[in-house]
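This report concerns only the one structure given below.
The values are calculated or read from the model by the stated rules, or taken from the named source; none is laboratory data. Predicted, not measured: the structure shown is a model, and the values here were computed from it. Every residue, glycine among them, receives a Cβ derived from its backbone with ideal geometry; neighbour counts consider all protein chains shown. Calculation scope for accessible area: heavy atoms of the full protein, side chains included, ligands and nucleic acids excluded. Shrake-Rupley method; radii C 1.70, N 1.55, O 1.52, S 1.80 Å.
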Amino acid sequence: MTLQVVVNVMADNLRWNPSKGWYAATFIFQQVAPLSPIVVDKFGNINLPKAKVTEPIEVTYNWCSTAVEIDGDLYPAIVADPPGESFWVLPGNAKPNSTDKGSPNGGDLSVPNGTGPDKLILNNANQPNKVYTYCFAVKVGIDGGQWLVADPKIVNTGTSRLYSYQSPNQAN
């Protein structure tokens, strides 16, 4: 059976990251269902051994910051179409970018199409001993469309530690 998880995602304090070529922000990932166990922490990390989850999971990310403030002006911010372009993933501690898109079907991790501009669904088969870095990225309607990026971790069953990284709440 697949564990269904629902998470609200918000971003504030946007700033341009010139070395990466995208916007970074303070992100908040708020798991709203189920109330226990906590599968997605406030930084967006998914640690299935810590949550004692052994089955596959489906995480529905509800993007709540559909308008973001940049230099005193509001701009639309939406999940890409197709949604897999808003989910970048690489194994281990590697830093994904926009070329490392999530698959729309099958595999360890997949992001199905057809979810709309404020929702992204992640299917995680929870394959033992797998660790990933993923980016939750939305398109901001400024300068022809720029990315706004968070880069948490995913730790699957059988892995005992979360890889270290520089900042828990913003893309590096």
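Here are a few things to note about the model shown:
- Whichever residue in the range 13-63 is among the charged types (D, E, K, R) and over 13 Å from the mean Cα position of the chain (by Cα) and, among such residues, is surrounded by the most Cβ atoms within 10 Å (Cβ to Cβ): 50
- In the range 136-154, the residues that are part of a strand (DSSP E or B) and either of a type in the set (D, E, K, R) or open to solvent by 10 Å² or more (accessible area, probe 1.4 Å) (or both): 139, 146, 147, 153
- Considering residues of the range 95-112 that are in contact with a helix residue (DSSP H, G or I) (Cβ under 6 Å, 6 or more places away or on another chain) and part of a loop (DSSP other than H, G, I, E, B) only, the residue surrounded by the most Cβ atoms within 10 Å (Cβ to Cβ): 111
Each row is one residue, and each column tells you yes or no for (1) farther than 18 Å from residue 150 by Cα; (2) out of contact with any Cys (no Cβ under 6 Å at 6 or more places or on another chain); (3) modelled with pLDDT under 95; (4) part of a strand (DSSP E or B).
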site: 5; (1), (2), (3), (4): yes, yes, no, yes
site: 11; (1), (2), (3), (4): no, yes, no, yes
site: 14; (1), (2), (3), (4): no, yes, no, yes
site: 27; (1), (2), (3), (4): no, yes, no, yes
site: 30; (1), (2), (3), (4): no, yes, no, yes
site: 68; (1), (2), (3), (4): no, yes, no, yes
site: 93; (1), (2), (3), (4): no, yes, yes, no
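- Residue 89 being in contact with a Pro (Cβ under 7 Å, 6 or more places away or on another chain), assigned to a loop (DSSP other than H, G, I, E, B) and touching a residue at least 12 places away in the same chain (Cβ under 8 Å): no
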